[in-house]
Amino acid sequence: MNHPHTSATSSLATADRVARGLGYFSLGLGLLELASPRLVTRSLGMEGAEALVRAAGARELLTGLGALGVNPTPALWGRVAGDALDLATLASGLSPDNPKRDNVKAAMAVVLGTALVDAMAARALSERHVRPRHGYIADYSQCSGFPRPAAAMRGEASDFETPADMRADIGSGPRPAPVPIRLSDTDQ
Amino acid sequence: MKALCWHGKNDIRYDTVPDPSIEDARDAIVKVSSCAICGSDLHLYDHFIPGMEHGDVMGHEFMGEVVEVGADTKRLKVGDRVVVPFTIVCGECEQCRRGNFSVCERSNRNKALGDKAFGHATAGLFGYTHLTGGYAGGQAEYVRVPFADTTHVKVPDSLSDEQVLFLGDIFPTGWQAVVQCDIQPTDTVAIWGAGPVGQFCVRSAVLLGARQVVCIDRVPERLSMAAAGGAITIDFDEESVLERLEELTHGKGPEKCIDAVGLEAHATRSLDSMYDRAKQAVMLETDRPHVLREMIYVCRPAGVLSVPGVYGGLVDKLPFGALMNKGLTLRTGQTHVRRWTDDLLRRIEEGQIDPSFVITHTVGLEQGPDMYRVFRDKLDNCIKVVLKP
Ligand SMILES: NC(=O)c1ccc[n+]([C@@H]2O[C@H](COP(=O)([O-])OP(=O)(O)OC[C@H]3O[C@@H](n4cnc5c(N)ncnc54)[C@H](O)[C@@H]3O)[C@@H](O)[C@H]2O)c1
Ligand SMILES: [Zn+2]
Ligand SMILES: [Zn+2]
C-alpha cells in the first residue's frame, strides 16, 4: 500500500519547535513565579495574591515539562487553559484604585499574545500528532500472512523442536505422567 | 550518501553523511535496497534509551547487495543479496558458539561503556545506542557491516525484498519470544502489543501450536491484523485485560505471557500509569513497566513470561513478590537473530508464512523523518513502514 506523504528534512515541524520554545518559556516563568511571587504581585499592584501566583507557577512548571516531553500536545492545550485563568486573575487587578493598572494592562496584552501562540501551536500539534477521533480505520482482516485460514495453520511448524536451553515447560514432548504424591509413609 | 540521522528527542533528519568504507578486513559494504522503521527506533526517537549522539545514523532492519568486501571476508562476495541481522555476531566467541548471538562478546566495540551500564557488555547492534557499539545503521544508502562473514543471511532472488526483509529482526524476534515460552498444545499465550513484533508473535504462536492466542492493544486496525493472524483480541481501552484473560482461561490465567510493548507502555484509567508518567517526567524512573506488572499478576503459577519488548534502565514498583511466589520463569533478550533465520527462511520459501503481510506503508527514504511520526503516533493506519533509499 502506498500513501503520499509530504517529505520533510526533519521530523520536527515548526509547530514542534514552537512547542519546545513555549516549554522552556513555561519553565522559566514557573520558576520565577514560584521563587519570587512578591516581585510579580508588587509590580502588578496586586499584593496579597502571592498564593495565586505560586499556583500559576506550579502549573507553568507542569505544562513546561509536558511541552518538552515526547507528546507535547496535551500540555499545550493545558497552557491555553492556563492563559485563560491568568487573564481572569489579571482582570481583577484592573480596578481604578490600582495605581499599577497600566502594568496589569501590559501583562494582559502579553498573556493574550502568548495565548494566541499557544492556541495556534496546540491546534497544529493536534493535527500533526493526534489520531482523528472518528478517523477511517483500515480493514486488515485479509493480512494474515498465512496461505490458509489461520485456524488451519495451528501447529504447522510443529516440526520445530524447542532448543534445550529454551525449554521452560516440561520439554516439547508429550506431558509426563503426573508425579504421584505420597501423603503418608504407608502410601504405596 | 543520504541517511536518516538522530539529532535529539523527536528529531530525525534526512541528512547527507560520508559514505561508509571498509575499516576492518572482516567488513563488507552493503548497498541498501530496503529498510524499515522498528519499534526499537521509536525508543530512540523518543529518547528513552541513553547513549545516543547527534548525527548517529539510524536503522537496524535492512537488506541489500554486497558492493565491497574486506580482505578476510570469505563467505560473502560482491553481488550477493543479503538480509543483515540487527545483532552483529563474531561467530567465534563462547556466547556465539552457544547461539546466544545477541550477547556476542566481541562485536561491541564500546565494551567498556556496555560493561559499565549493564555489568557486562552485550553484542554490537546497528543504528542503536553507543552502549551497543554505536554502529552506523541501515536507514541509509550504504552500510558498513562488521563481521560480515557471520552477520548476514543470503536470500534467494525468487523472494522479494518485502518477503525476506523482516528476517533481520521482527520475524525472528516474534519467533524467539514464542520459542522461549516453550509452547505446549494446551497453552494459552497472551501477547501484549499488536505492533509489528506482536503480529509476528501471534503468527509464531499459531504455527508453533498454541491452543489459544490472545493479543492485547488498543489500536483497532492493529487488533484487526492480529485477529487475521488467528488471535482473540482485547482492547485495553474498552475492557479489563485481567478480567478477560481470566475468563478465557477459566480463572487460571494464561500459561505463557509475552511483552511485545516495552518501556513506553500506555495504560488507561490506571493509577500505576499516572505514577510512572510523573516519575518519568522528572527523571526518577526511565521505563514504564505497566505491561510487566500486568503479566506477573495474571500469569498462571509456574508459567513463563517472555519479554522481547525493550527496556532501557530502571523500573519501579514491580511486584517481585508475585513473580517469586508464583514460580514464574522470566525470559528476555535482544533476539539471537542468526540462530533462527535459516529455519525461518525455509518456512517462507515453503509458503508457511509471507512476512510482507505487516507492511502498510512503502515510501522513499527521504520521507523517513515524517514516517517516524506517522508510525509512532499511529496515524494513517500505519503498522509497518518500509523505506526505499
Ligand atoms: N528483543 C528484540 O530483539 C526486539 C526486536 C524488535 C523490537 N523489539 C521491541 O519490541 C517492542 C515492540 O516493537 P514494535 O515494533 O511492535 O513497536 P510498536 O511501538 O509499533 O508496538 C507497540 C504496541 O504496543 C501497544 N501498547 C502500548 N501500551 C500497551 C499496553 N499497556 N498493553 C498492550 N499494548 C500496548 C501500542 O499500542 C503498540 O501497538 C518494542 O519495545 C521494541 O523495541 C525488541
Ligand atoms: Zn528492531
Ligand atoms: Zn561472538
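The values are calculated or read from the model by the stated rules, or taken from the named source; none is laboratory data. What you see is a predicted model, and the numbers here were worked out from it, not measured in a lab. All Cβ positions, even for glycine, are placed from backbone atoms using ideal geometry, and neighbour counts span all protein chains on display. To get the accessible areas, we keep the full protein, side chains included, count just its heavy atoms, and leave off ligands, DNA and RNA. Shrake-Rupley method; radii C 1.70, N 1.55, O 1.52, S 1.80 Å.
Buried surface for the B/A pair, taken as the accessible area of each chain alone minus that of the pair with a 1.4 Å probe, is close to 5000 Å² in total.
Charge dipole (Cα centre; +1 on Lys/Arg Cβ, -1 on Asp/Glu Cβ; no other charges) of chain B amounts to roughly 740 debye. Projecting the Cα atoms of B:Ala281, B:Asn325, B:Pro254 onto the charge dipole of the range B:171-332, computed from C-beta unit charges around the Cα centre, puts B:Asn325 farthest toward the positive end. If the chain linking B:Arg218 and B:Asp19 were pulled fully straight, counting 0.36 nm for each residue of separation and taking away their Cα-Cα distance, it would gain 67.5 nm.
Assuming charge only on the beta carbon of Lys and Arg (+1) and of Asp and Glu (-1), the dipole of the protein assembly as shown about its Cα centre is about 680 debye to the nearest 20. Taking every pair of alpha-carbon atoms in the range B:171-332, give the share separated by more than 26 Å as a whole percent. That tail contains 19 percent of the Cα-Cα pairs.
Could you tell me what percent of the accessible area of the range A:14-129 is made up of carbon and sulfur, with a 1.4 Å probe and every protein chain present? Ligands and nucleic acids excluded, carbon and sulfur give 69 percent.
For the range B:9-31, heavy-atom accessible area (probe 1.4 Å) falls by no less than 20 Å² from the chain alone to the full protein assembly at B:Lys9, B:Asn10, B:Asp11, B:Arg13, B:Tyr14. Neighbouring Cβ atoms from other chains, within 10 Å of the Cβ of residues in B:363-370, number 5 on average. The label point for B:Asp342 and the one for A:Arg182, both projected 7 Å from the Cα toward the Cβ, are 4.7 nm apart.
To put it simply, the accessible area of chain B at a 1.4 Å probe is 53 percent carbon and sulfur. For the range A:4-87, the list of GluC sites (Glu not before Pro) that fall in a loop by DSSP and count at most 12 other C-beta atoms within 10 angstrom reads A:Glu47. Surface exposure of the protein assembly as shown, expressed per residue as accessible area with a 1.4 Å probe, stands at 43 Å². Tell me which lysines have Cα within less than 28 Å of B:Lys256's Cα, excluding those fewer than 8 residues away on the same chain? Correct list for B:Lys256: B:Lys317, B:Lys326, B:Lys378, B:Lys384.
As a rough guide to protection, the peptides B:22-34, A:65-77, B:288-300 ranked by mean Cβ packing within 10 Å, highest first, stand as B:288-300, A:65-77, B:22-34.
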